[in-house]
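The values are calculated or read from the model by the stated rules, or taken from the named source; none is laboratory data. All figures in this text were calculated on a predicted structure; none of them were measured in a lab. Ideal geometry is used to build each Cβ from the backbone, glycine not excepted, and the neighbour counts take in all protein chains shown. Only protein heavy atoms, including side chains, enter the accessible area calculation; ligands, DNA and RNA are left aside. Shrake-Rupley method; radii C 1.70, N 1.55, O 1.52, S 1.80 Å.
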Amino acid sequence: MTLPYDKSAAVVVLPSLAGDRVSDPGLRCWLSRGTVSRSERPRELLRNVLESLQLPYPEEGIAALRMWGQTGDRPTVWVAAADPVYLEARLTSLCLHALQGAQMPSRDLHEILDYLQQRLAGEDRYGFARIGLYGYVRASTPLPTSRYPASVIDQQAPNDYLPVADETSRRHALRGEVEMALHEHAVNQRRELEGQLPVNSLWLWGGGFAPAQTAEPRPPLFADDALLRGYWLSKTGTVDDWSGSIDACLDAAIAGFVAVPVDARSAPGELQTCLEQLRAALQSGRISKVTLLLEDGFVVEIRRSDAWRFWHRDTEIFGPQP
């Protein structure tokens, strides 16, 4: 069976390399000899990983896949992701502000979704729920939703990312009900007093049913990301937590793998260790290629033969953050 991807290649998601996060001159030289590209717009992680593996992106059910990755069980109902956002009215358009991380404490999200469940879930039309740091909406009849999470649309006009469908009136009606319910809600009053943006809407995206589980070859995955894990589970792929080091991934996978080191973002020393171990694995022939997906949009592909590209020096990845 011919695989669409190189089974001996490693795909690793890392934070930005800008500034002095990589201080070792040898590592900087090794990285600068790779092939560097950059996405024009932010994209969610699953899309970037699948593109690097030359695999197709799912047509629908992205939210259901994420829920699958969180719970370990395949959802059996139609579900969409519900991202808390602040929609700012400007002179000629709306601007979407994605509320995530420290901007969106889990207690606020929990309180808002619980309230919407009590207020709008009558007659089983809709259901609102929180799992971990994520919100979801269940609908008895499918709704057209965006294909893009709020994080990708942050600081942009949301209309460019809305679906084109005949049933938009139902989506508009639900959005109107949500925004009316959230107007002057106690959570938003508290948030504004604390100098935070209120949650005045929910951005619905990735709606659909979870695909049937199929057995398709995929490289082992070492990551905590729920969407990645859900996609891999849908393909009966090998899924495990980040193992703590690239060397541990190599030992467990035997050959290629996909990894998201959870500690590389907060600890520059861990980032450099990951890069050192990837370089050593490439030089020894344990892997054939390294693809680094950087959080600032850069993609760096490095092959063993790139060590001979003495004339090539692409230092754009070490530049200042945009």
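Filter the GluC sites (Glu not before Pro) in the stretch 17-67 to those in DSSP coil with at most 14 other Cβ atoms within 10 Å of their Cβ, and list the result.
Glu40, Glu59
Treat every Asp and Glu Cβ in the stretch 214-261 as -1 and every Lys and Arg Cβ as +1, leave all other atoms uncharged, and give the resulting dipole magnitude about the Cα centre to the nearest 20 debye.
Value, rounded to 20: 220 debye.
So what J values fall out for the stretch 127-143 if you push phi through Karplus, 6.51 cos²θ - 1.76 cosθ + 1.60 with θ = phi - 60°, rounded to Hz, Gly and Pro as x?
x, 10, 8, 10, 10, x, 8, 10, x, 9, 10, 9, 10, 5, 10, x, 10
Counting only heavy atoms of the protein chains, get the accessible area per residue of the chain (1.4 Å probe) and round it to a whole Å² value.
49 Å²
For the residue pair Ile254 and Gln189, what label-to-label distance in nm results when each label sits 7 Å from Cα along the Cα-to-beta-carbon direction?
Simple spin-label model gives 6.3 nm for this pair.
Counting other C-beta atoms within 10 Å, and keeping those with at most 13, which DSSP coil trypsin sites (Lys or Arg not before Pro) do you find in the stretch 23-108?
On the way: sites: Arg28, Arg33, Arg38, Arg43, Arg47, Arg66, Arg90, Arg107; in loops: Arg33, Arg43, Arg90.
Hits after loop and neighbour filter: Arg90.
With the crude spin-label approximation of a point 7 Å out along Cα→Cβ, what separation in nm comes out for Tyr115 versus Cys29?
Taking the simple label geometry, Tyr115 and Cys29 are separated by 5.9 nm.
Give me the one-decimal nm value for the distance between modelled label points at Glu179 and Leu87, 7 Å along each residue's Cα-to-Cβ direction.
Inter-label distance under the simple model: 0.3 nm.
Which far-off residues, 5 or more places away or on another chain, put their amide H under 5 Å from the one on Gly135, with H placed in the peptide plane?
Amide H neighbours of Gly135: Ala82.
Leaving out ligands, DNA and RNA, what percent of the accessible area of the chain is carbon and sulfur, probe 1.4 Å?
50 percent
Please work out how much length the chain gains when fully extended from Gln283 to Gln213, using 0.36 nm per residue of separation minus the C-alpha to C-alpha distance, in nm with one decimal.
That pair, Gln283 and Gln213, stretches by 21.5 nm at full extension.
Amide H neighbours of Arg147 under 5 Å, counting only residues 5+ apart in sequence or on other chains, H built in-plane at 1.01 Å?
Counting only residues 5 or more places away or on other chains, the set is Gly206.
Can you tell me the FRET efficiency between Glu276 and Leu55 if r is taken as the Cβ-Cβ distance and R0 is 30 Å, rounded to the nearest 0.05?
Approximately 0.55, to the nearest 0.05.
Go ahead and estimate [θ] at 222 nm for the chain from helices alone: -39,500 (n - 2.57) per DSSP H run with n ≥ 4, summed, over the residue count, rounded to 500.
Here the helix-only value at 222 nm equals -9500 deg cm²/dmol.
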